[in-house]
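Participant: Let me begin by handing over the structure; questions about it come next.
The values are calculated or read from the model by the stated rules, or taken from the named source; none is laboratory data. Everything quoted here is computed from the prediction, not taken from an experiment. Every residue, glycine among them, receives a Cβ derived from its backbone with ideal geometry; neighbour counts consider all protein chains shown.
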Amino acid sequence: MIRRLFTSESVSNGHPDKVSDQVADAILEAVLQRDKEARVACEVLLKAGTVVIAGEITSVASVDLESIVRSTINEIGYDNAFDQFNGHNCSIITHIHKQSTDIASGVDHASDIWDEIGAGDQGMVFGYACNDTDDFMPAPIHYAHKIMKQHLYVRKNSKYGIQYLRPDAKCQITFNYVDGKATTIDTIVLSSQHSIGVDNKELRQWLISYVVEPVIPDHLITRDTRFIINPSGQFITGGPEADCGLTGRKIIVDTYGGVARHGGGAFSGKDPTKVDRSAAYMARYIAKNIVASGMAEKCEIQISYAISRAEPVSLYIDCAGTHQVSEESLLKMVRNNYNLHPHSIIRELDLLNAPYKKLASFGHFGRNELNLTWEQVKELV
């Protein structure tokens, strides 16, 4: 019997890095709604009372960047005009240019044939699925996201009569694994920003009772499970007032919590011609269908691309010894069932109409509530 501990982290939608991701994806979504052929690579930096928007946007559409930035920040909960960082009076600096013509020529006009239009950049991506949970996500990140979603729910829901929770929060969940199977939770770490004057003991009990317990099944908690709540004491100053926020700095939160490998490319602010994003969604789609079909208990897939080339440079599958058919057969099946050319991925997964702003917090995978195309299960032949 082999016992191991594994930990994954999630953060709230008010975490400064996640605020940056949501602003970037709100801009992306607004541009794509008006221009499906737009090219967007938008980066966001937040600190104190300043928002910096930088990158490349090539589009015939005109969008009100300032309005998008302010409304997104206010919706998250940084809407108090007396705070140093808020959507009402933050200063907004923009450095936006058009996409490089060298890159554009390889993406937009590589061929008259849709499927031959090339990748927007070189890159490698990983997709993963396992049977830890009903949504085929690893248990640690699955339940960490559930806690953060519940934190948002109770913070926004007036029926709880608690007004002192603030937007910035994060959690970690450490699972006991026995012979590769997630069994019980060893430790839950949860830190939440709060208003001045809140008793730490009261906050601890309230967070356990209303944020943790409603979303963690009883059978996962034992008498040895540790609850570490706001371990540094008070957490009053948070968000971009306390820490700089930057797009793409929570790539493990966005994916599989560290259980699977990562190609290094972030998602938010990028239109789907960037394979960092679109191919990662396809890789998840494939891995999930392999596990959902019963062909393996775990599946990790890597796809790699060269800039302006449509055909992947490589395709790799690793089922960690859990496959019921050979990995060579799985590779053949993938090639028979999926077109991995970037624009075919965009078309099959309808990535010009994806809910990017909602994806920018609580992960891009296992989000069954969003009815995502890459989370659907189809029969493989």
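Participant: Which one of the conditions (1) of a type outside the set (Gly, Ala, Ser); (2) modelled with pLDDT of 95 or more; (3) part of a strand (DSSP E or B) does Ile96 fail to meet, given that it meets all the rest?
Facilitator: Tallying (1) of a type outside the set (Gly, Ala, Ser); (2) modelled with pLDDT of 95 or more; (3) part of a strand (DSSP E or B), Ile96 fails exactly one: (2).
Participant: Another question, then. Answer yes or no: is there a residue in region 319-331 that is modelled with pLDDT of 95 or more and touching a helix residue (DSSP H, G or I) at 6+ places or on another chain (Cβ under 8 Å).
Facilitator: Taking every residue of region 319-331 in turn, at least one turns out to be modelled with pLDDT of 95 or more and touching a helix residue (DSSP H, G or I) at 6+ places or on another chain (Cβ under 8 Å).
Participant: Scan (1) farther than 23 Å from Gly363 by Cα; (2) touching a residue at least 60 places away in the same chain (Cβ under 8 Å) for the single condition Asp35 breaks and write down its number.
Facilitator: (2)
Participant: I would also like to ask the following. Filtering region 31-69 down to residues that are assigned to a helix (DSSP H, G or I) and under 22 Å from the mean Cα position of the chain (by Cα), which residue is surrounded by the most Cβ atoms within 10 Å (Cβ to Cβ)?
Facilitator: Filtering first and then ranking leaves Val31.
Participant: Somewhere in region 329-339, is a residue in contact (Cβ under 8 Å) with a residue 24 or more places away in the chain, over 20 Å from Val125 (Cα atoms) and hydroxyl-bearing (Ser, Thr, Tyr)?
Facilitator: no
Participant: Can you say whether Pro167 is touching a residue at least 40 places away in the same chain (Cβ under 8 Å) and touching a helix residue (DSSP H, G or I) at 6+ places or on another chain (Cβ under 8 Å), as far as the supplied structure shows?
Facilitator: Considered against the rule, which asks whether it is touching a residue at least 40 places away in the same chain (Cβ under 8 Å) and touching a helix residue (DSSP H, G or I) at 6+ places or on another chain (Cβ under 8 Å), Pro167 comes out as yes.
Participant: Name the single residue that is farthest from Gly77 (Cα to Cα) among those in region 211-240 being surrounded by 19 or more Cβ atoms within 10 Å (Cβ to Cβ) and in contact with a Phe, Trp or Tyr (Cβ under 8 Å, 6 or more places away or on another chain).
Facilitator: Once the filter is applied, the top-ranked residue is Ile216.
Participant: Then there's this: Out of region 38-58, which residues are closer than 20 Å to Val275 by Cβ and either hydrophobic (A, V, I, L, M, F, W, C) or free of Cβ contacts under 8 Å to residues at least 60 places away in the same chain (or both)?
Facilitator: Listed by number, the residues that qualify are Ala38, Val40, Ala41, Cys42, Glu56, Ile57, Thr58.
Participant: It is to be established whether one or more residues within region 231-251 are under 24 Å from the mean Cα position of the chain (by Cα), closer than 28 Å to Thr7 by Cα and free of Cβ contacts under 8 Å to residues at least 24 places away in the same chain.
Facilitator: yes
Participant: While we're looking at this one, here's another question. So how many residues does region 109-154 have that are in a strand (DSSP E or B) and at pLDDT 85 or above?
Facilitator: Matching residues across region 109-154 total 8.
Participant: In addition: Kindly indicate whether Arg309 is out of contact with any Leu (no Cβ under 7 Å at 6 or more places or on another chain) and at pLDDT below 95.
Facilitator: yes
Participant: Kindly provide the set of residues from region 233-258 that are under 13 Å from Lys170 (Cα atoms) and either among the polar types (S, T, N, Q) or not in a loop (DSSP other than H, G, I, E, B) (or both), ordered by number.
Facilitator: Once the filter is applied, which keeps residues that are under 13 Å from Lys170 (Cα atoms) and either among the polar types (S, T, N, Q) or not in a loop (DSSP other than H, G, I, E, B) (or both), region 233-258 yields Gly239, Val253.
Participant: Something else: Against the condition of a type in the set (A, V, I, L, M, F, W, C) and touching a Ser or Thr at 6+ places or on another chain (Cβ under 6 Å), how does Ile147 come out, does it pass?
Facilitator: Judged against the criteria, Ile147 is not a match.
Participant: Right, next: Scan region 301-315 and report the pairs whose first residue is touching a residue at least 24 places away in the same chain (Cβ under 8 Å) and whose second residue is basic (Lys, Arg) and surrounded by fewer than 20 Cβ atoms within 10 Å (Cβ to Cβ), with Cβ atoms within less than 9 Å and a gap of 6+ or a chain change.
Facilitator: As it stands, the answer is Gln302/Arg261; Leu315/Arg335, since those pairs meet every condition given.
Participant: Please work out which one of (1) under 18 Å from Gly294 (Cα atoms); (2) buried (at least 22 other Cβ atoms within 10 Å of the Cβ); (3) in contact with a Ser or Thr (Cβ under 6 Å, 6 or more places away or on another chain); (4) not basic (Lys, Arg) is the condition Leu351 fails and give its number.
Facilitator: (1)
Participant: Being closer than 30 Å to Ser12 by Cα, modelled with pLDDT under 95, within 28 Å of the chain's Cα centre (by Cα) and surrounded by 13 or more Cβ atoms within 10 Å (Cβ to Cβ): is that true of Asp79 here?
Facilitator: Criteria met by Asp79.
Participant: Give all pairs with beta carbons closer than 6 Å in which a residue from region 195-220 that is closer than 17 Å to Ile173 by Cβ meets a residue that is among the charged types (D, E, K, R); count only pairs at least 6 apart in sequence or on separate chains.
Facilitator: Pairs that qualify, where the first residue is closer than 17 Å to Ile173 by Cβ and the partner is among the charged types (D, E, K, R), are Val215/Lys146.
Participant: Give me the residue from region 178-227 that is among the basic types (Lys, Arg) and at pLDDT 95 or above and, out of that set, farthest from Lys149 (Cα to Cα). Steps first, please.
Facilitator: If we filter region 178-227 for residues that are among the basic types (Lys, Arg), which is where we start, we get 181, 201, 204, 223, 226.
From what's left, at pLDDT 95 or above: 223, 226.
Numbers: Arg223: 25, Arg226: 21 Å.
The selected residue is Arg223.
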